[in-house]
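Any read-out appearing in this document is the output of simple, stated calculations on the displayed coordinates, not a laboratory observation. Every value quoted in this text rests on a predicted model; they were computed, and no experiment measured them. Note that we place each Cβ from the backbone using ideal geometry, even for glycine, and neighbour counts take in every protein chain shown.
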Amino acid sequence: MNLAQKIISSHLVSGTMTPGSEIGLHIDQTLTQDATGTLAWLQFEALGIPHVKTDVSVSYVDHNTLQMNFRNPDDHRFLRTTAARFGGVFSPAGTGICHQLHLENFAKPGATLVGSDSHTPTAGGLGSLAMGAGGLSVALAMAGEPYCIPMPKIVRVFLTGALTGWASAKDIILELLRIRTVKGGVGCIFEYAGPGVATLSVPDRATIANMGAELGATGTLFPSDSVTRAFLKSMGREEDWKELGPDADATYDEEVQIDLSTLVPLAAKPHMPDQVVPVAELEGLSVDQVCIGSCTNSSYADLWQVCQILKGHRVNPATDTLLSPGSKQVLTMLANDGLIEPLLASGVRLLECACGPCIGSGGAPVSKGVSVRTFNRNFEGRSGTKDASVFLVSPLTAAHAALDGKFTDPASWGTPPRRPELPAVAPSIRHLFVFPPEDGSSVEILRGPNIVALEKFPRLDASGKTLPTEVVIRVDDNITTDHIMPAGAEILALRSNIPAIAEHVLTRVDENFVKRARELSARGGNGVIVAGENYGQGSSREHAALAPRHLGIRAVLAKSMARIHRANLINFGILPLTFVNKEDYDKVSQGAHLEIPLCDLRPGGSMSIQLNGSEPIEVKNDLSAGELDIVLAGGLLNSVKEKM
Ligand code: MIC
Ligand code: SF4
């Protein structure tokens, strides 16, 4: 078996490991973060289960820590009290970014982890089968229910050689994005192998695993070897280590080869992570802002190297340079090395250990500005400035852009700093986590006025009926969840209030969408969103399904869909349909009427829907029997409660 098959088979509750068929997995660990966590914990509460049933469930606060008014801190307090009540570990605002903290403190080789954040696969850097999911799916995993996914195809990424010069781990994953594109990993787990693996540290591997999400992958796995052991030892938890790797005769569904010694510093150009070019090609392009950090590149080694480059120099005064460490542990290590003073002296703005600019929670670039970021996503408008151009690069490239105020050719950078060793025992920040009491049943859950109760959706009556619908919008390829449900500090503050956040659905694409959807719904009509390829890529935010459902959207008809978003649609009772003939997309324009024959819905089936009462359009529903039950029940919460 390969490594993925080994972990899957040891957690398999239902199904067989045939790619594409549904499997149910036992989940050992979960993580939630504040922006998706309030709903996830509200949903867990609605299940009526007194205590989480996982080995560990951590509730992190890292996405929105600005606290511009009561909403945000009220959410944090709600999360602190729900964790104590239901047995979760609470990580307060400012402790660090969920994925960095999880890697340092909780992730285990061979364990399954589901998190309400698309970058949960970061923990795959140390051999955990870690997957992003919607909040409701995570709530179910906390309740001990198996996590159901289609069995992924396992792609071996065979690494040979070693990185040279200024190339770094970020450039490996940018290269893979260049090769496979943002939809080239849907339905796959990328499993890294080959002699190049041993040359990469755990934080390097975590950078690569993190951006597997940008390929649309279900997960990324690295073996657990002596490098992993040294990392866990430094984190004070060597006992969590075990050796894990594929069998010598393991087979894979596909293979990609990358020779590390051929890589050069790369950058993803606006507005997609797969628009990858060599940094040298961008030489001379002026840079208004540099942001260093995020769950992709905020480890001790990454920031240590940045400090070495900036030490003794002043960053370009016209280049706004921000740095957010991944965790207080990272920040403490830099401080212990005496690197904070030179960093501040270089003119860098040191931010809190949180997501910050990555999710538009402050740190927006200037109008039409060029922002160079060590992050993982450069979707249009995500930075908070709609007309800004965001480039994704490694920390090494970012540090040079900050000093020079423009992109320069790496050939002119001289000798790169070494990669630092982790200390034998890194300073622990574990005491900052709030561990739950033995019995939390008497803990009062504190809610603010912005935390709105969950909406109940009715069952879909399929008995011999058709569902008349109208197309409220038709959108292009690669529409991200940032387009569907934008983030940024102001909108993030509404994550616990669906009626309020629904006002922002698809506004980045069409500002009249919400008005049209509400009008249709007021007339008793049902809405459909028609989309191109890879609809819903990016974030796991279930708000991108729940808020459209609140506005009366009952189906999405697309050329193809991203995995997590498709699952979120099902979780909230929205029918995910795909075109059998992709050319039919052109026929189904905004305002068209579609008659969906609910009685013809069969697991994994296809059916004809009537376009404008006359023309049949062939669509696939691809739903498993379980998924179909969920849609008909009006969503996962209804379906689980019915079963209970
Ligand atoms: C993101 O990077 O897009 C986020 C913000 O972390 C999201 C989660 C969210 O929308 O709250 C993700 O990656 O899933
Ligand atoms: Fe936070 Fe950005 Fe990572 Fe999402 S991608 S978890 S917003 S740092």
Among bridges DSSP assigns within the range 1-99, what percent are antiparallel (round to 5)? 20 percent
HN-Hα couplings for the range 490-502 via Karplus (6.51, -1.76, 1.60; θ = phi - 60°), in whole Hz with x for Gly/Pro, come out as 5, 6, 4, 5, 9, 4, 9, 9, 4, x, 6, 6, 4
Between the range 357-396 and the range 436-497, how far is it from one alpha carbon centroid to the other, in angstrom? 26 Å
Links that overshoot a 24 Å alpha carbon limit, given the list 170/328; 269/582; 108/643; 183/456; 108/311: 269/582; 108/643; 183/456; 108/311
Measuring from label point to label point, each 7 Å out along Cα→Cβ, what is the residue 251 to residue 9 span in nm? 1.3 nm
Express in nm, to one decimal, how much length is gained between residue 500 and residue 45 on full extension, taking 0.36 nm for each residue of separation and deducting their alpha carbon distance. 161.6 nm
So, how do all the Cα-to-Cα distances of the range 452-555 break down into 10 Å bins, in percent, from 0 on up? 15, 47, 32, 6, 0
Full-stretch length increase - residue 55, residue 641 - with 0.36 nm per residue and alpha-carbon distance subtracted: 208.6 nm
Could you work out how far the C-alpha centroid of the range 566-584 sits from that of the range 588-644, in angstrom? 8 Å
Expected sort for 444-455, 130-141 on mean C-beta neighbours within 10 Å, highest first, is 130-141, 444-455
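Applying 1/(1 + (r/R0)^6) with R0 = 56 Å to the Cβ-Cβ distance of residue 428 and residue 612, what FRET efficiency is obtained, to the nearest 0.05? Walk me through the intermediate numbers first.
Working: r = 65 Å, r/R0 = 1.15.
Approximately 0.30, to the nearest 0.05.
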Given the rule -39500 (n - 2.57) for each run of at least 4 DSSP H residues, summed and divided by the residues of the chain, what is its mean residue ellipticity at 222 nm, to the nearest 500 deg cm²/dmol? -7500 deg cm²/dmol
For residue 558, the residues 5 or more places away or on another chain with a placed amide H closer than 5 Å to its own amide H are 531, 577, 578, 579
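For the chain, what proportion of DSSP beta bridges, expressed in % and rounded to the nearest 5, is antiparallel?
Antiparallel bridges make up about 35 percent of those DSSP assigns within the chain.
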Figure the gain on full extension for residue 367 and residue 67 (residue separation times 0.36 nm, minus the Cα-Cα span) and round it to one decimal in nm. 105.5 nm
So, in nm, how far is label residue 583 from label residue 386 when the simple model puts each one 7 Å beyond its Cα toward the Cβ? 3.6 nm
How much FRET efficiency would the formula 1/(1 + (r/R0)^6) give for residue 477 and residue 452, where r is the Cβ-Cβ distance and R0 is 56 Å, rounded to 0.05? 0.95
Roughly how many nanometres apart are two label points built 7 Å out from the Cα toward the Cβ at residue 620 and residue 318? 5.2 nm
For residue 191, enumerate residues with amide H under 5 Å from its amide H, sequence gap 5+ or separate chain, H modeled in the peptide plane. 155, 156, 157, 221
With θ set to phi - 60° and the Karplus curve 6.51 cos²θ - 1.76 cosθ + 1.60, what are the ³J(HN,Hα) couplings of the range 598-608 in order, to the nearest whole Hz, using x for Gly and Pro? 4, 5, 8, 5, 10, x, x, x, 10, 7, 9
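Give the calculated FRET efficiency between residue 280 and residue 463 to the nearest 0.05, with a Förster radius of 51 Å applied to their Cβ-Cβ distance. If you can, show how the numbers build up before the last one.
On the way: r = 64 Å, r/R0 = 1.25.
The value I calculate is 0.20.
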Phi-based couplings in Hz for the range 638-644 (Karplus 6.51, -1.76, 1.60; Gly and Pro marked x): 4, 5, 5, 5, 4, 5, 5
What is the set of long-range amide H partners of residue 596 at a cut-off below 5 Å, with H atoms built 1.01 Å from backbone N? 467, 469
